[in-house]
1. Starting with the highest mean, order 226-237, 82-93, 174-185, 118-129 by the number of other Cβ atoms within 10 Å, averaged over the residues of each peptide.
2. If packing is taken as the mean number of other Cβ atoms within 10 Å per residue, what is the order of 209-221, 96-108, highest first?
3. By how many nm would the segment from SER113 to VAL162 grow when fully extended, if each residue of separation counts as 0.36 nm and the alpha-carbon distance is taken off?
4. What's the FRET efficiency of LEU70 with LEU151 using the Cβ-Cβ distance as r and R₀ = 30 Å, to the nearest 0.05?
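What follows is calculated from the coordinates using simple rules that are stated; it is not laboratory data. As the structure is a prediction and not an experimental result, all values here were calculated from the model. Counting neighbours? That spans all protein chains shown, and the Cβs are built from the backbone with ideal geometry, glycine included.
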Amino acid sequence: MRIFSKGDCTLYFSLRRGFKRECIRTEEYDEHIMPDDTVADTYLLLLVLTMVLLPCLLRSREGNQPQRYLFLVAYLLLGNLIYSILEGWSAVDSTYFMVVTSTTVGYGDLTPSTPTGKLFTMGWAFVGSAFIIHELTPYVSSVLVIFERMLPGNSVHPQNYVERYVRAAFGPFLLAIFGALVACCEGRTFIDALYFSMMSATTIGYGDVTPSTDVAKCFNILYLPVVTTAFANMLGRWSIISAEQSEDKSL
């Protein structure tokens, strides 16, 4: 479906491919020279950024959960629109790139090529990372508590540090194994799949193993924010346990 036309460029939208801009070039394009429509893209970028920041001022208290969900969805949709226009990416690729960026995994299999796209990514990497972690931490923590209840014993002695370490790691590693089993569906060996899952969960993201299909990318759009937040939670708990253990040894 055609949305609008401007000059030699037309913006289309489809459910499968998302937003796509097609331009009829009257002269050869030089990748080292900014295109003629970069200025228009910059104004569009400023407009969309204003629309993104405005809900921050209108948000009510933290307890209003539906508004937080809507804000998260709107944030992703606006970013999707921008990347679709600036880079010509599909809806899946745009959302996948935003999630990989905001979780700091950074595989490097998909990167912006336009100057405006790079400028937007600088802001997205800074704001998106903090936003995703802030919004997901309470929910991921609740999921990890459910996982811990699967272990025998409901109470742990404060000085039983080994068990506390294990309990803190149980949920995140369970999620990592689940991600590895799903990655095996792409035809990888379990070792390669587990390697991919662990490098993703720890946000190392070498990029030598990445999702190869749209279905795999869709799974990682949901999986990466959860597993990276879970491992961050685990490292935070380990840090607290280690500090308490050192304090007990000094007494």
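1. 82-93, 226-237, 174-185, 118-129
2. Numbers: 209-221: 17.1, 96-108: 21.6.
The peptides rank, most packed first, as 96-108, 209-221.
3. Answer, rounded to one decimal: 12.8 nm.
4. Efficiency, rounded to the nearest 0.05: 0.25.
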